[in-house]
Structure formats: C-alpha cells, structure tokens
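Asks: Got a structure for you, written out below as structure tokens; questions coming shortly.
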C-alpha cells in the first residue's frame, strides 16, 4: 500500500459548543461551507462553519433525538441539497435498531428559520441480527443507497441501505455487501458525487479507493497519512475533491488536508 505524507493546516473551531465533533459534511452548495454535530448526549443541533473554522450558525433539528450520532453526509439528490444524519453509534453493541434522518441543507441566509424537521427518516436493523458500532456512513447518489462501515470489528464490514425507502415507517434491513480486510477502526466515510471515489478515515490515515466499471468493485488507490493528529473522528471531502476536512472529538480543531 502507498502511504503519502499529507500537507495539513489547522484552524480553531470558533463555536465553543462544538466540543465533541463526531460527524462532518462538506456542503454540496458551497465548497467553503462545512457542517458538523456533536456526539451522543448532546442536543439535536447541527453547526455550520467556514473552511477556517469560523462560526456560521446553529440549527436545531425537530423530531430527531441524538442517541448516538456518529456521522453525517451532504448530498444532492433529484436537484435538491440534503444532509443525512446517522444515529448509528453503538460502542457496546447493545442496540437493536438504528436510525437515519435526512433534512434539507439549511440556507445560512434564512435568519427566520433555524429549526428543521426530517424530509424523511427511518429505522433499520442489520440482516444478520447482530449489533454494530458504525461511525462511517455516506450516500452513494448514483446507486441511490447508503453505505455503512463497521468500526468495532476485526476489519470493516460493508452494509447497504436504500437511500429513500418506499415505506419509511417500516424497519429497513441493512444488507452486507462486502468487507475491507485491510481497514480497521473506520471512523468516517465519504463518497464522491459521481459515486466513483470513496474515502475511508481511520485514526492514522485516509484510505482512498476508486470504483472500476468493469466489476463495480472498490480498488485501492493510496492513503494519506496524518501528522500528529489526535483521534480524527470525522472527515469529509470538499466537493471539488481537492481538500479533506477533519475534526477530532477531543480537540477543538478543524484540520485541512490537501488531497494528493
């Protein structure tokens, strides 16, 4: 495997309420707009910041609990901009149901509207009946599906869900579709808008894969190695695919990582 040293810049996150950033989403509207949320035990609030960590506002989400939010994703679907919130954390593997919620991506100039309800949401279980801690969730827009990677397994197991089920009141079933045997402790995931490029974050590096049309499988490209970055829990790839942004649950920093 090829490990490339990553060029990093670090900025302080201005909003002091962002003290356990566990999910990150790079806006599909504005390449300098980034969304984040805190880990379990916090209010159901998402936070907007610019590419240098400056505060751009907070938005309360109605009809959603933050049981254990572990990742989020920004995506454009059928001409509209959305954010996905993944309530999929399960450190002790004791949950039997998990939840996905999708909201319209807030507009920062909409001063009179700071609270948002899901456009759609649903609960799900895993097809093998097991419980999993999942901190890596992303939308494959062309495939109209959600990809999930397990964390507290010997290596990352890949599950899939429909992006927008026909019956959101029914409990959905996450289906196993593969494994990444060279990846352990996956903590964040992002997939490019065209569905051809995947980035998997771990505590040491970002692993990068490209999908080959011949067999629709993910093939390793390279990995970007972090330099003295403490427990990077959240990551997103900017929409122009030139920059990664990374945050930690323990340190109030936004790290800018040049994509090679």
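Asks: What is the residue count in the stretch 185-209 for residues that are over 24 Å from residue 152 (Cβ atoms) and exposed (fewer than 15 other Cβ atoms within 10 Å of the Cβ)?
Replies: Summing the residues that are over 24 Å from residue 152 (Cβ atoms) and exposed (fewer than 15 other Cβ atoms within 10 Å of the Cβ) in the stretch 185-209 gives 1.
Asks: Let me ask something else. Of (1) at pLDDT 95 or above; (2) surrounded by fewer than 21 Cβ atoms within 10 Å (Cβ to Cβ), residue 46 satisfies all except one. Which?
Replies: (2)
Asks: Among the residues that make up the stretch 23-34, is at least one of them under 22 Å from residue 241 (Cβ atoms), touching a residue at least 60 places away in the same chain (Cβ under 8 Å), in contact with a strand residue (DSSP E or B) (Cβ under 6 Å, 6 or more places away or on another chain) and surrounded by fewer than 16 Cβ atoms within 10 Å (Cβ to Cβ)?
Replies: Yes, the conditions are met somewhere in the stretch 23-34.
Asks: Going by the conditions given, is residue 180 more than 15 Å from the chain's Cα centre (by Cα), under 20 Å from residue 24 (Cα atoms) and free of Cβ contacts under 8 Å to residues at least 40 places away in the same chain?
Replies: Considered against the rule, which asks whether it is more than 15 Å from the chain's Cα centre (by Cα), under 20 Å from residue 24 (Cα atoms) and free of Cβ contacts under 8 Å to residues at least 40 places away in the same chain, residue 180 comes out as no.
Asks: Give the stretch 220-243 a look and list any residue that's without any contact (Cβ under 8 Å) to a residue 60 or more places away in the chain and either buried (at least 22 other Cβ atoms within 10 Å of the Cβ) or under 22 Å from residue 134 (Cα atoms) (or both), or say none.
Replies: Passing the criteria: 230, 231, 232.
Asks: Then there is this: All but one of (1) farther than 23 Å from residue 236 by Cα; (2) at pLDDT below 95 hold for residue 184; which doesn't?
Replies: The failed condition is (1).
Asks: Hey, does the stretch 69-78 have a residue that's over 21 Å from residue 188 (Cβ atoms) and over 14 Å from the mean Cα position of the chain (by Cα)?
Replies: Taking every residue of the stretch 69-78 in turn, at least one turns out to be over 21 Å from residue 188 (Cβ atoms) and over 14 Å from the mean Cα position of the chain (by Cα).
Asks: Taking the condition closer than 18 Å to residue 30 by Cβ, within 17 Å of the chain's Cα centre (by Cα) and either modelled with pLDDT of 95 or more or part of a strand (DSSP E or B) (or both), does residue 256 pass? Walk me through it before giving the result.
Replies: Numbers: closer than 18 Å to residue 30 by Cβ: yes; within 17 Å of the chain's Cα centre (by Cα): yes; either modelled with pLDDT of 95 or more or part of a strand (DSSP E or B) (or both): yes.
Answer is yes for this residue.
Asks: Given the structure, is residue 136 more than 15 Å from the chain's Cα centre (by Cα), within 17 Å of residue 37 (Cβ to Cβ) and not in a loop (DSSP other than H, G, I, E, B)?
Replies: no
Residue-wise test of (1) in contact with a strand residue (DSSP E or B) (Cβ under 7 Å, 6 or more places away or on another chain); (2) under 25 Å from residue 90 (Cβ atoms).
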| residue | (1), (2) |
| --- | --- |
| 164 | yes, yes |
| 181 | no, yes |
| 203 | yes, yes |
| 230 | yes, yes |
| 254 | yes, no |
| 259 | yes, no |
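Asks: Given the structure, is residue 70 in contact (Cβ under 8 Å) with a residue 60 or more places away in the chain, surrounded by fewer than 21 Cβ atoms within 10 Å (Cβ to Cβ) and under 17 Å from residue 159 (Cβ atoms)?
Replies: No: the conditions fail for residue 70.
Asks: Quick test for you: out of 128, 167, 190, pick the one residue that is within 25 Å of residue 103 (Cβ to Cβ) and either in contact with a helix residue (DSSP H, G or I) (Cβ under 7 Å, 6 or more places away or on another chain) or in a loop (DSSP other than H, G, I, E, B) (or both).
Replies: 167
Asks: Hey, another quick one. Take residue 95 and tell me if it is touching a strand residue (DSSP E or B) at 6+ places or on another chain (Cβ under 9 Å) and surrounded by 13 or more Cβ atoms within 10 Å (Cβ to Cβ).
Replies: no
Asks: Now for a separate question. Output the residues belonging to the stretch 197-213 that are in a loop (DSSP other than H, G, I, E, B) and either closer than 21 Å to residue 70 by Cα or modelled with pLDDT of 95 or more (or both).
Replies: Answer for the stretch 197-213, where residues must be in a loop (DSSP other than H, G, I, E, B) and either closer than 21 Å to residue 70 by Cα or modelled with pLDDT of 95 or more (or both): 202, 203, 204.
Per-residue answers, yes or no, for (1) over 18 Å from the mean Cα position of the chain (by Cα); (2) modelled with pLDDT under 95; (3) under 29 Å from residue 240 (Cβ atoms):
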| site | (1), (2), (3) |
| --- | --- |
| 109 | yes, yes, yes |
| 112 | yes, yes, no |
| 121 | no, no, no |
| 147 | no, no, yes |
| 162 | no, no, yes |
| 168 | yes, no, no |
| 173 | yes, no, no |
| 189 | no, no, yes |
| 193 | no, no, yes |
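The values are calculated or read from the model by the stated rules, or taken from the named source; none is laboratory data. These numbers were taken from a predicted model, which means no experiment stands behind them. Glycine also receives a Cβ, built like all others from the backbone with ideal geometry; neighbour counts cover every protein chain displayed.
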